[in-house]
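Q: Here you go, one structure.
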Ligand SMILES: [Zn+2]
């Protein structure tokens, strides 16, 4: 038996599928809305797991929020999930082993095992979506830190804008490099509180100079953050994923960071392991942990 159940738990939806040791999805991907209470989430997970339990070696969950070093418990940053989510005992939901890991870490692991950073020993993956997620792999190991929460992209880019970040601090990398960051930069450039990320991208497509400038500033902010990460971690490559990465010119970022880095040159890649890299990475990590 080389199948596992992969589950991706996000703020709005829960997706799941059976996945094999090579990271291949072998069933349809099922999607459900994420319930609003802890008890409903527990019951839903129990039902999903019991349906597949006889066929699988283990369950692997990619979740929003930080996860402890034992891969058993969520420890923080779950503002978009039900109150009490942190108290769920995931192992209790199955008679077989249940692993859990942060979704950005899982996606980074999927890229490392079967995607853009395959065959490297040191890589960073940045998920550019509404916010910015991060996963760092050093010497072929996921960097977890003392509590399990390492790789959160809250460090300041010094633009002195006093731009409030989701973490409560100001001017974090996330506050500039995320989709929300692009929108904030657009608000500053267009002097229009109501402009959306979509508006900016559409206007840039139609050659609006202010929109092009907004995207350039956003990309430059991403490059500055990537440069700092590279100088600290000296990694082989940085992989960009998430809904916003298609608007990034990886070659430009690569040129910029390689001109300025204090280490040797690095590659910048677009992610390869698909939109389902969270659940795929969780399962691949599970196979590494169970052996
Ligand atoms: Zn922050």
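Q: Would you check which residues across region 160-185 are part of a helix (DSSP H, G or I) and more than 9 Å from the ligand (Cβ to nearest atom) and list them?
A: 176, 177, 179, 180, 181, 182, 183, 184, 185, listed by residue number.
Q: Out of 188, 202, 193, which single residue is surrounded by fewer than 16 Cβ atoms within 10 Å (Cβ to Cβ), touching a helix residue (DSSP H, G or I) at 6+ places or on another chain (Cβ under 9 Å) and assigned to a loop (DSSP other than H, G, I, E, B)?
A: 193
Q: Looking only at region 246-257, decide whether some residue is at positive phi, in contact (Cβ under 8 Å) with a residue 24 or more places away in the chain, in the same structural domain as residue 145 (by TED's automatic domain parsing) and not in a helix (DSSP H, G or I).
A: Within region 246-257, the first condition is being at positive phi, and the residues that meet it are none.
The answer is no, given that none of the residues of region 246-257 is at positive phi, in contact (Cβ under 8 Å) with a residue 24 or more places away in the chain, in the same structural domain as residue 145 (by TED's automatic domain parsing) and not in a helix (DSSP H, G or I).
Q: Another question about this same structure. Could you tell me whether residue 150 is under 18 Å from residue 108 (Cβ atoms), more than 8 Å from the ligand (Cβ to nearest atom) and touching a residue at least 24 places away in the same chain (Cβ under 8 Å)?
A: Criteria not met by residue 150.
Q: Turning to a different aspect of this structure: What's the number of the condition residue 106 fails, among (1) crowded, with 19+ Cβ neighbours inside 10 Å; (2) in contact with a strand residue (DSSP E or B) (Cβ under 7 Å, 6 or more places away or on another chain); (3) farther than 20 Å from residue 67 by Cβ?
A: (3)
Yes/no matrix, rows are residues, columns are (1) under 28 Å from residue 168 (Cβ atoms); (2) touching a strand residue (DSSP E or B) at 6+ places or on another chain (Cβ under 6 Å):
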| site | (1), (2) |
| --- | --- |
| 17 | no, yes |
| 21 | no, no |
| 37 | yes, no |
| 43 | no, no |
| 48 | no, yes |
| 52 | no, yes |
| 65 | yes, yes |
| 68 | yes, yes |
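The values are calculated or read from the model by the stated rules, or taken from the named source; none is laboratory data. Since this is a predicted model, take the numbers as computed values, not measurements. Cβ sites come from the backbone with ideal geometry, for glycine too, and all protein chains shown count toward neighbours.
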